[in-house]
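Heads up: the structure comes next, in structure tokens.
The values are calculated or read from the model by the stated rules, or taken from the named source; none is laboratory data. None of these values were measured; they are calculated from a predicted model. Using ideal geometry, Cβ is built from the backbone for each residue, glycine included, and neighbour counts are taken over all protein chains shown. In case anyone asks, the SASA skips ligands and DNA or RNA and just uses the protein heavy atoms, side chains included. Shrake-Rupley method; radii C 1.70, N 1.55, O 1.52, S 1.80 Å.
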Amino acid sequence: MTPEAERKMQFLFALRSKGVTDTRVLNAMEKIDRGAFVKGIFAERAYEDMPLPIACGQTISQPSVVGLMSQALDVQPRDKVLEIGTGSGYQAAILSQLARRVYTVERHRRLVREARELFERLDLANITCLVADGSHGLPEQAPFDRILVTAAAEDPPGPLLAELRVGGIMVLPVGQSNTVQTLIKVTRLESGFDYQELRPVRFVPLLEGLGQD
Ligand code: SAH
């Protein structure tokens, strides 16, 4: 086996051992090379199950967390998905393999510019990446079948709940920043919402307004 094939096998094995069992999610994570989303000295650690630094003081999430969130979101092939917090673009790239269309918004212009370049280079044509404060969601494209938030808020932001279709699912970390947060799954019912706690996680905070760069 080539070193590359062996690295990939270990990467997928680690995902499975952490509870990522959904075949579509595993296939997407096999296909999309995380190494393309990590730069410089950190690139060689791209296949380890750890978060890594990216530009603008942000992080690319741990692969097993990306897998578990994608799995909890239960994305269907016809779905229109909104992601808040593009960061490196890795999570959006995984979602692009599971959904019909992915909208991803990020408050740092530089991250949006770099993610767009990557999506073009990797030929991921069903992703639209925009500069915006995601705490308002993306009202002009609402409603969404699925919403994934990759930055932590104290509570699920009201506008995002409002942009979820009836029967739709939102997965997001909630809690105070710098403490342990909880990943929750919100399902929109005919009337009201169902809330389910999934696991403890740690994400950067969901911040108001746009970033400086
Ligand atoms: N999903 C990313 C991980 C991103 S880390 C990946 O796969 O790499 C969380 C990201 O959320 C950061 O890039 C941060 O800048 C962004 N963010 C924080 N608050 C935001 C907001 N209100 N609107 C949009 N993006 C936000």
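Summary table
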read-out: Residue selected from the range 176-213 under the condition within 16 Å of the ligand (Cβ to nearest atom) and open to solvent by less than 20 Å² (accessible area, probe 1.4 Å), by the criterion nearest to I54 (Cα to Cα); value: G211
read-out: Residue satisfying condition, being part of a helix (DSSP H, G or I), touching a Leu at 6+ places or on another chain (Cβ under 9 Å) and open to solvent by 80 Å² or more (accessible area, probe 1.4 Å), within set R7, R24; value: R24
read-out: Selection count, the range 70-103, where residues are near the ligand (Cβ under 9 Å from one of its atoms) and within 11 Å of V25 (Cβ to Cβ); value: 1
read-out: Only listed residue being closer than 19 Å to G168 by Cα and open to solvent by 40 Å² or more (accessible area, probe 1.4 Å), chosen from Q71, Q62; value: Q71
read-out: Test: residue in the range 98-111 that is closer than 17 Å to V171 by Cβ, part of a helix (DSSP H, G or I), open to solvent by less than 30 Å² (accessible area, probe 1.4 Å) and out of contact with any strand residue (DSSP E or B) (no Cβ under 7 Å at 6 or more places or on another chain); value: yes
read-out: Looking only at the range 49-59, and only at residues there that are crowded, with 19+ Cβ neighbours inside 10 Å and part of a loop (DSSP other than H, G, I, E, B), the one that is farthest from the ligand (Cβ to nearest atom); value: I54
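Let's see how each residue does on (1) under 14 Å from G89 (Cβ atoms); (2) within 11 Å of the ligand (Cβ to nearest atom); (3) open to solvent by 20 Å² or more (accessible area, probe 1.4 Å):
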{"residue": "E120", "(1), (2), (3)": "yes, no, yes"}
{"residue": "V131", "(1), (2), (3)": "yes, yes, yes"}
{"residue": "A152", "(1), (2), (3)": "no, yes, no"}
{"residue": "D155", "(1), (2), (3)": "no, no, yes"}
{"residue": "G158", "(1), (2), (3)": "no, no, yes"}
{"residue": "E163", "(1), (2), (3)": "no, no, no"}
